[in-house]
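Participant: One structure follows; several queries about it will come next.
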Amino acid sequence: MHLLQPQLEVTTLLLVSTHSTSVPVLMPDHVQHVSWQNLTTESEQVDWLILHFNSWFSHHNVTLVKGDFEPEYFPATLIEPAKIQFAHGFFNSALHEISHWTIAGEKRRLLPDLGYWYAPDGRTAEQQALFEQVEIKPQAIEWLFATAFGRKFRVSLDNLTGDSGNGNQFKDHVFAQVQRYFSGEAKLPRDAAHFIDCICLCTRNGSPLQLNEFKREYLD
């Protein structure tokens, strides 16, 4: 049985712990008494996610916030924490933006939009290829997050009016990246692993993600 690897110095075959000793371990009832399983609407789930994320990552001085328009990341200032702003109150958008934040290191978290280059919808084939290269890891991590929540994940090529490239090839790459996280060939970022741990405590009674929950055909 293959379980999701934490980001540890020594690779192991079992999920022993994804919590760093410097990261506070919060039980679900320390944050909110409303059970995830009792939430029935997208709006309720979004509010739950914001409350829990902001508690689980308060040690990073960052907050998750709804945006009215496009997603954007705002670094912390002297008077305000950093903001991960997701689009239009969509749950999946929140997971996607969180995945980008977990990958970014300390230096990039000091930059607007985490220092990402971004060309808008309508990209050329060359621009789309670069976009997809950058998106493989965050979308693989987003898939892990979505599965921990029991939600459907769909890859995003995000180029409706341009050249969307080879969608099947991109799906292959996202699937292969998830495989690498489980095998230990690639290390899951510490904050991504911590987020998954916290989610699983609330949604799966602490049961870790398993490799057989991720199949290539699920992306079609």
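Participant: Work out how much length GLN133 to ARG180 would gain on full extension: take 0.36 nm times their residue separation and subtract the Cα-Cα distance, in nm to one decimal.
Facilitator: Using 0.36 nm per residue and subtracting the Cα-Cα distance, I get 15.3 nm.
Participant: Between beta-carbons, use under 10 Å as the cut-off and find the net charge around ARG180, counting Lys and Arg +1, Asp and Glu -1.
Facilitator: Numbers: positive: LYS137, LYS187; negative: GLU185.
Net charge around ARG180: +1.
Participant: Right, next: Whole number in Å², please: accessible area per residue of segment 52-103, 1.4 Å probe, ligands, DNA and RNA not counted.
Facilitator: Solvent-accessible surface per residue comes out at 45 Å².
Participant: Please list 3J(HN,Hα) in residue order for segment 45-60, calculated via the Karplus relation 6.51 cos²θ - 1.76 cosθ + 1.60 where θ = phi - 60°; whole Hz, with x for glycine and proline.
Facilitator: Each residue of segment 45-60 in turn: 5, 5, 4, 4, 4, 4, 4, 6, 4, 5, 7, 4, 10, 4, 5, 9 Hz.
Participant: Please list the non-local residues whose amide H lies under 5 Å from the amide H of LEU64, H modeled 1.01 Å from N, same-chain partners needing a gap of 5 or more.
Facilitator: Distant-sequence amide H within range of LEU64: ASN54, ILE84.
Participant: A further question on this structure: Compute the orientation-averaged projected area for segment 44-106 from the convex hull of its Cα atoms and round it to one decimal in nm².
Facilitator: 4.2
The values are calculated or read from the model by the stated rules, or taken from the named source; none is laboratory data. Just so it is clear, the structure is predicted and the values come from calculations on it, not from any experiment. Backbone-built Cβ (ideal geometry, glycine too); neighbour counts: all protein chains shown. Keep in mind that these areas ignore ligands, DNA and RNA; they rest on the heavy atoms of the full protein, side chains included. Shrake-Rupley method; radii C 1.70, N 1.55, O 1.52, S 1.80 Å.
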